[in-house]
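Down below is the structure, laid out as C-alpha cells.
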Amino acid sequence: MLALTLEQRSWLHAVPAGAKMAAVALAVVLVVPVTDPAVIGAMVLGVAALYGSAGAMALRAGLRLLRPLVLMLAIIMAWHLLMGEARLGLVICLRILGLVALANLVTLTTRLDDMMAVLEWLMAPLTRLGLPTGRLALAVALAIRTIPALSLKADALREAWRARATRRPGPQLAFPLVLLALDDATHVAEALRARGGLAATETTKQKRN
Amino acid sequence: MERSFVFVALFAALIAVLGLVPSFMLITGVPISAQSLGVMLAGAVLGARRGALAVLLLLLLVALGLPLLAGGRGGLGVFVGPTAGFLVGFPVAAFVTGWITERWRSMDLALVAGVAALVGGVLVLYAFGVAGMVLAAGLSPVQALTALSAFIPGDIIKAAIAGVVTRAIWQARPDAVLSRAH
C-alpha cells in the first residue's frame, strides 16, 4: 500500500509524530483568529521554508498535494472579490493554504507505523478502561490489506467490461464489486473465527501489556 | 460478531476503492467519483451503526496518511481544508442512510435505500459540507451551495444507483444485507 510518506529522509522525519501533530493543532488554534494578511502571509512563508528545509522532494510532493485545492481557493477568492472584500478573501485563502500545507507536511514526513503509535497512545486510556481497542488495530490492518486486493478485482471487472462492450465502464460495476467484497468478508470472518475470533485480539494485547 | 467486524473493515476498503476510480462523467464535464456512492452503500447495506463505523475507519486511514479519498487525496491536510465539512458529514450520512433503511420496511428496498441515500448521502452530507465551507471559507450558505452545485446532479444519480445496487445485493446475498438481517 502506497502511503504518502516520503522515502527520502529529512530532519522532520526524526521529530516524534506526536510532537508534529501537536504543533499542527497549535498552529490551527493560533492562526484562526488572525485577520492581518501580512501575519498570515508570513506564516505561509514559514511553512514554505519548512518544506524547503526538508528538501526538494518534499517541496515537489507538497505542491502536488495542494493541487486539488487551487480551484477551491480560486472560487473562494472570486466570491470575496465580487463582494468587495478582497482583504478578507486573501486572509481566508492564505490561512487555508498555510494550514493545509502544514498538516500535509506532517503526513509527508511521518511513517504509517509512527502514526499508528500515536493512535495507540491516544487510545491507551480507553484500553485501560477495558474497551476493546485491540480490534481497532486489526480493523486498520485488515482494511489496508484489502484495498490493493479489492483494487485488483475492480481492474479485472473493468477489463472484462472492456472486452465485451464499446461503452466506457460506469457505475454498473459497483454491484459486482460490492458482491465480491461481501463474499471476501464472509471468508475472512470464517478464517478469523477459526483462529479464535475477535476475543483473541484482546487477550494477546493484555498479555503483551 | 466476527462477521460484522470484518464487514465494517472491508466496507472501509470498498469505499476507498470506489474513490480511486473516476467512475462516470456528466455532460457538465465534472468528474464524479463513486466514493460517496460507497458511503451511501455502507449505510444502506451495513445499517446505521456499522455503516458509520466503516466510514470512520476509512477516515482514520486517511488521517494516518493514506491517499484514499477521491482523486488520491489524503493525509492530515484534508481535515483542515475547505471541504473538511464533507468528511465530518460522511459518517453521519452513512448513519442516516442506514437508519432510514433499517426502519422503513414496508416498501421495495430499491426505493427505500434510494430515498435513504438521498436524505443521508445528499441532504445531510451537503448540510455538513456547506457548513464547513461557511466556517472555513467565509462564504454565505448560498454562495457555498452555488460553488458546489455542479456536483449535486451526480450525487442524486448516485443515490438512485445506491438504491438499485442495495436491492440487487439483497436479492443475491440476503444475509449480507445487515440493515435488513434482523
Which condition number does residue A:170 fail, the rest of (1) facing chain B (nearest Cβ under 10 Å); (2) at pLDDT 85 or above being met?
-> (2)
Is it the case that residue A:193 is without any contact (Cβ under 8 Å) to a residue 12 or more places away in the chain, of a type in the set (Lys, Arg) and at the interface with chain B (Cβ under 9 Å from one of its Cβ atoms)?
-> yes
Going through the range B:45-99 one residue at a time, which ones are buried (at least 24 other Cβ atoms within 10 Å of the Cβ), touching a residue at least 24 places away in the same chain (Cβ under 8 Å) and small (Gly, Ala, Ser)?
-> B:47, B:51, B:52, B:54, B:81, B:89, B:93, B:94, B:98
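The rows are residues; the columns are (1) of a type in the set (D, E, K, R); (2) in a helix (DSSP H, G or I); (3) over 30 Å from residue A:110 (Cβ atoms); (4) at pLDDT below 95.
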site	(1), (2), (3), (4)
B:85	no, yes, no, yes
B:107	no, no, yes, yes
B:117	no, yes, yes, no
B:128	no, yes, no, no
B:152	no, yes, yes, yes
B:155	yes, yes, yes, yes
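Residue by residue, here is whether (1) within 9 Å of chain B (Cβ to nearest Cβ); (2) among the basic types (Lys, Arg); (3) part of a helix (DSSP H, G or I); (4) in contact with an Asp or Glu (Cβ under 7 Å, 6 or more places away or on another chain) holds:
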| site | (1), (2), (3), (4) |
| --- | --- |
| A:121 | no, no, yes, no |
| A:131 | no, no, no, no |
| A:143 | yes, no, yes, no |
| A:157 | no, no, yes, no |
Only one of A:18, A:46, A:55, A:62 is in contact with a helix residue (DSSP H, G or I) (Cβ under 6 Å, 6 or more places away or on another chain) and surrounded by fewer than 18 Cβ atoms within 10 Å (Cβ to Cβ); which?
-> A:18
Per the list (1) surrounded by fewer than 20 Cβ atoms within 10 Å (Cβ to Cβ); (2) touching a helix residue (DSSP H, G or I) at 6+ places or on another chain (Cβ under 9 Å); (3) of a type in the set (D, E, K, R), residue check on residue A:95 breaks on (1)
Among residues of the range A:152-185, those that are under 20 Å from residue B:55 (Cα atoms) and surrounded by fewer than 16 Cβ atoms within 10 Å (Cβ to Cβ), counted = 1
What single numbered condition from (1) assigned to a helix (DSSP H, G or I); (2) within 7 Å of chain A (Cβ to nearest Cβ) fails to hold for residue B:67?
-> (1)
With the checklist (1) within 21 Å of residue B:37 (Cβ to Cβ); (2) in contact (Cβ under 8 Å) with a residue 24 or more places away in the chain; (3) of a type in the set (A, V, I, L, M, F, W, C); (4) at the interface with chain A (Cβ under 9 Å from one of its Cβ atoms) in hand, flag the one item residue B:151 doesn't pass.
-> (4)
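The values are calculated or read from the model by the stated rules, or taken from the named source; none is laboratory data. The shown structure was predicted, so the numbers you read here are calculated from the model rather than taken from an experiment. Methodologically, a virtual Cβ is constructed for each residue, glycine included, from the backbone with ideal geometry; neighbour enumeration extends over all protein chains shown.
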